[in-house]
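Q: Quick one: the structure is below, questions incoming.
The values are calculated or read from the model by the stated rules, or taken from the named source; none is laboratory data. Here the structure is a predicted model, which is why all the values come from computation and not from measurement. Note: ideal-geometry Cβ built from the backbone for every residue, glycine included; neighbour counts use all protein chains shown.
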Amino acid sequence: WRGVRTPVTFGAPVAAHSVAFVANDERPAFLAALPPATGPALRLMTHPADNRSKLLLVLGRDGADLKAAADALVTGGIAMSGPSVQVKRVEEKGPLQPYEAPAWVPLDRAVKLGELIDWAQQLEASGRAPDLDPVRVDLRMPPDLATWRGPGVPMTLKLQYTPPACVSEGYLDVSINDELLETQRLRIANEPIVATKEIFIPFYRVRSRSELAFGFRFALKDEAQCRDARAPIVKAAVLPESTIDFSGFPHYARMPNLAHFAAIGFPFTRRADLSETVVVLPEKPVAADIEAMLALMARMGEATGRPATRVRVATPKDATALEGADLLVIGASPQQALLDKWADGLPIALSGSVRRVSRSAVRLDGVFDWLGVGAPADTTVASQVSFEGTGPVAALYGFESPVSSGRSVVAVTAIVPEQLARVIDALDDRQMRRAIKGSAAFVLAGKVQSVLVGPTYHVGYLPPWTGAGYWISQHSEVFGVALTLVLIAMGYGAYVVKNRIAAWRARRRP
């Protein structure tokens, strides 16, 4: 869950509610007396450190058994009762399809708002006129939806309301992310009313995490009996059959864009079970490395509504494991050898007291942050600055995988392992999280500084005509020059043809 921390220790018991992973050949010393496991199992016991807290044991003969027990726990694949349970078999399903995340809006059809609510009365509004409590619906979707063409995202609202007796006018205010989108006038009559409204949400208003709000307003007549504070409660509703339709939009985004990672874990969460993700830890990970990994896995599970049961863990020496996957590289430098190996090709590097930062030839474009497809065309390195410092620094940076074209790397790094927690702190803080963007984000004391520098690449696909329009939008100067040359050529051609026709007519005259 977002915001949850799981401090990690090796062997030493901690007097608090804890989870221990216990294999037959590798177990904490204070659990050495436990009998060997005969297979995957779960056991809940009183913590021996204080005889008050609870200790959940994930048991197995080896690592494979531990994973089977953990999968059964997080997916609810077994019925659990009593202090212990033996995991006989876990139903193994295939990897999830792209964008098949339980917490995301379905993208293959128009989805009913009733499918997106958390409780039965969520779409109902009530209160005393003139203003009723607004109806709110959360939307979660991938950030690579190319919704920047056309009128926007279509939404069909079916409304049901009974106007108060003293009402003169009625309105529905539709907002997204606390910004007014549109105000619709409501029909007034002395009877229950069911109405349908068609609305388009402009592409630039849509974010990975959005909140729709529907506010009913009923203006009262200026009469004494209509100003009675004891007026009856008015009820209205957005019917569950109302729909919003994200189908038909292509998936396309220019990368790197750390704003996508900070908001919803993209591109790793493209597969909700993280089946195309490899977490790369140092050869000898310390507690801070594993704590950062667990915190990031929890954030991604919260983002998708699905535990990361198919994520793989590797080290820099596992070269073949790094191919064909998106890489989440965790570790301080120089403990994380992979970042040192790739350092010369990265615009930013942290190593001990030396920090190298590349400066872009252009400034970070705000449109890029909103759309993910409008980055400046020129993000080449203008200069590089190396400096030394002793202050705490942690960083996030993204780039295309050096081992697999079209795959992404997000590195979570710091000067020392203990400072990795600064990145998690920044992701948990709303204001700091919004400051994470571009290709690199430095987490300093209480603030985040982001830059967009270095090569960019694309993920996804655009249809030919849409792709041509996008290319023109990204190269408007080139297109303008080319169009001017074409017009000049056409004008010159017309001039030549006109003169030849005039000469031909002159020759035909007697």
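Q: Applying the selection to segment 49-65, what residues are of a type in the set (A, V, I, L, M) and buried (at least 20 other Cβ atoms within 10 Å of the Cβ)?
A: Of everything in segment 49-65, those that are of a type in the set (A, V, I, L, M) and buried (at least 20 other Cβ atoms within 10 Å of the Cβ) turn out to be 55, 57, 58, 59.
Q: Let me ask another. Of the residues 83, 95, only one is in contact with a Ser or Thr (Cβ under 7 Å, 6 or more places away or on another chain) and over 21 Å from residue 6 (Cα atoms); which?
A: The conditions single out 95.
Q: Looking at segment 182-215, which of its residues are farther than 24 Å from residue 143 by Cβ and either part of a loop (DSSP other than H, G, I, E, B) or among the hydroxyl-bearing types (Ser, Thr, Tyr) (or both)?
A: If the condition is that a residue be farther than 24 Å from residue 143 by Cβ and either part of a loop (DSSP other than H, G, I, E, B) or among the hydroxyl-bearing types (Ser, Thr, Tyr) (or both), then 183, 187, 188, 189, 190, 191, 192, 196 are the ones that fit.
Q: With among the aliphatic types (A, V, I, L, M), in contact with a helix residue (DSSP H, G or I) (Cβ under 8 Å, 6 or more places away or on another chain) and surrounded by 15 or more Cβ atoms within 10 Å (Cβ to Cβ) as the only criterion, which of 220, 159 stands out?
A: Selected residue: 220, the only one of 220, 159 that is among the aliphatic types (A, V, I, L, M), in contact with a helix residue (DSSP H, G or I) (Cβ under 8 Å, 6 or more places away or on another chain) and surrounded by 15 or more Cβ atoms within 10 Å (Cβ to Cβ).
Q: Do the conditions hold for residue 70, that is, is it surrounded by 15 or more Cβ atoms within 10 Å (Cβ to Cβ), within 24 Å of residue 305 (Cβ to Cβ) and in contact with a Lys or Arg (Cβ under 6 Å, 6 or more places away or on another chain)?
A: no
Q: Based on this model, can you work out whether residue 114 counts as within 24 Å of the chain's Cα centre (by Cα) and loosely packed, with under 15 Cβ neighbours inside 10 Å?
A: no
Q: Same structure, new question: Among 137, 111, which is in a strand (DSSP E or B), of a type in the set (Val, Ile, Thr) and closer than 25 Å to residue 76 by Cβ?
A: Only one candidate qualifies: 111.
Q: Test of understanding: among 107, 31, 96, 44, which residue is within 20 Å of residue 307 (Cα to Cα) and either free of Cβ contacts under 8 Å to residues at least 40 places away in the same chain or surrounded by 13 or more Cβ atoms within 10 Å (Cβ to Cβ) (or both)?
A: 96
Q: Which numbered condition trips up residue 396, out of (1) under 20 Å from the mean Cα position of the chain (by Cα); (2) in a helix (DSSP H, G or I); (3) surrounded by 20 or more Cβ atoms within 10 Å (Cβ to Cβ)?
A: Exception for residue 396: condition (2).
Q: In segment 412-443, what residues are of a type in the set (D, E, K, R), surrounded by fewer than 18 Cβ atoms within 10 Å (Cβ to Cβ) and not in a helix (DSSP H, G or I)?
A: 429
Q: Among the residues of segment 301-324, count how many are over 18 Å from the mean Cα position of the chain (by Cα) and not in a strand (DSSP E or B).
A: 12
Q: Further, regarding this structure: Kindly list the number of the only condition in (1) assigned by TED's automatic domain parsing to the domain that holds residue 22; (2) buried (at least 18 other Cβ atoms within 10 Å of the Cβ); (3) hydrophobic (A, V, I, L, M, F, W, C) that fails for residue 80.
A: (2)
Q: Another question, if that's okay. Residues of segment 322-339 being of a type outside the set (S, T, N, Q), within 16 Å of residue 409 (Cβ to Cβ) and crowded, with 16+ Cβ neighbours inside 10 Å, which ones?
A: 322, 325, 326, 327, 328, 329, 330, 331, 337, 338, 339
Q: From the list 74, 58, exactly one residue is β-branched (Val, Ile, Thr) and touching a strand residue (DSSP E or B) at 6+ places or on another chain (Cβ under 9 Å). Which is it?
A: Exactly one residue qualifies, and that residue is 58.
Q: Kindly provide the set of residues from segment 253-300 that are in a helix (DSSP H, G or I) and over 22 Å from residue 145 (Cβ atoms), ordered by number.
A: 287, 288, 289, 290, 291, 292, 293, 294, 295, 296, 297, 298
Q: Condition first: of a type in the set (A, V, I, L, M) and at pLDDT 50 or above. Can you find one or more residues in segment 371-384 that meet it?
A: no
Q: Next question, about the same structure. I'm trying to understand the selection: among the residues of segment 93-105, which are within 15 Å of the chain's Cα centre (by Cα) and either closer than 21 Å to residue 75 by Cβ or of a type in the set (Asp, Glu) (or both)?
A: 98, 99, 100, 101, 102, 103, 104
Q: If you go through segment 247-286, how many residues are of a type outside the set (A, V, I, L, M), crowded, with 24+ Cβ neighbours inside 10 Å and more than 24 Å from residue 309 (Cβ to Cβ)?
A: Residues that pass the stated criteria total 2.
Q: Also, I was wondering about something else. Identify all residues within segment 230-259 that are in contact with a strand residue (DSSP E or B) (Cβ under 8 Å, 6 or more places away or on another chain), small (Gly, Ala, Ser) and under 22 Å from residue 108 (Cβ atoms); write none if there are none.
A: Result: 242, 247, 253.
Q: Would you pick out the residues in segment 21-51 that are part of a strand (DSSP E or B), over 26 Å from residue 423 (Cβ atoms) and of a type outside the set (Asp, Glu)?
A: 22, 23, 41, 42, 43, 44, 45, 46
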